[in-house]
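Single-structure report; data block below.
The values are calculated or read from the model by the stated rules, or taken from the named source; none is laboratory data. Only a predicted model underlies this, so the values are computations on that prediction, with no experimental measurement involved. Cβ placement follows ideal geometry from the backbone for every residue including glycine, while neighbour counts extend to all protein chains displayed.
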Amino acid sequence: MNAMLVGADTLGNIPDVLRDFGINIHRHVSGRNSSHQRKVDRLPAGTDLLILFTDFLGHNVMRHFRELASENQIRFIACRRSVCALKQSLTGAGLNDSQCAACPHQCAAAKSGGGKRKR
């Protein structure tokens with residue numbers, strides 16, 4: 001699966017997390033540069049998933065990319081730029097971590113999509 005990432009100046013450990021989910025980074029734009037904020041008329045060919053890092057994007061930029069994804073029937077997720085938030089959003093979107101899928105244990109964290117405790 002190929003993903004376009006919008007937001008975040010640097011990705012840190014995010015490429016490793018995406019690789020664990022079987023996702024390749026097709027393209028990454030930071031969203032801060034003014035050229036990245038200009039209207040893009042389409043997403044790159046071969047994009048299967050759009051990931052928006054909300055703590056690095058303005059509302060108009062995020063809305064524009066969401067509309068592009070909807071028009072092209074491409075799934076999108078929006079989350080903060082953290083490994084935990086990304087994992088939780090990917091699991092919530094129905095994507096499985098290949099390490100969890102290969103694990104013989106059926107732990108509660110894998111089933112619930114994040115290991116949140118109920119109080």
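Points to keep in mind about this one:
- Restricting attention to region 44-60 and to residues that are within 24 Å of N13 (Cα to Cα) and among the hydrophobic types (A, V, I, L, M, F, W, C), the residue that is nearest to the chain's Cα centre (by Cα) turns out to be I51.
- Residue list for region 54-65, restricted to those being within 12 Å of L43 (Cβ to Cβ) and either crowded, with 19+ Cβ neighbours inside 10 Å or modelled with pLDDT of 90 or more (or both): F65
- Residue in region 66-75 that is in a loop (DSSP other than H, G, I, E, B) and either modelled with pLDDT under 90 or over 19 Å from N2 (Cβ atoms) (or both) present: no
- Subset of region 1-31 [among the β-branched types (V, I, T), assigned to a loop (DSSP other than H, G, I, E, B) and more than 12 Å from the chain's Cα centre (by Cα)]: T10
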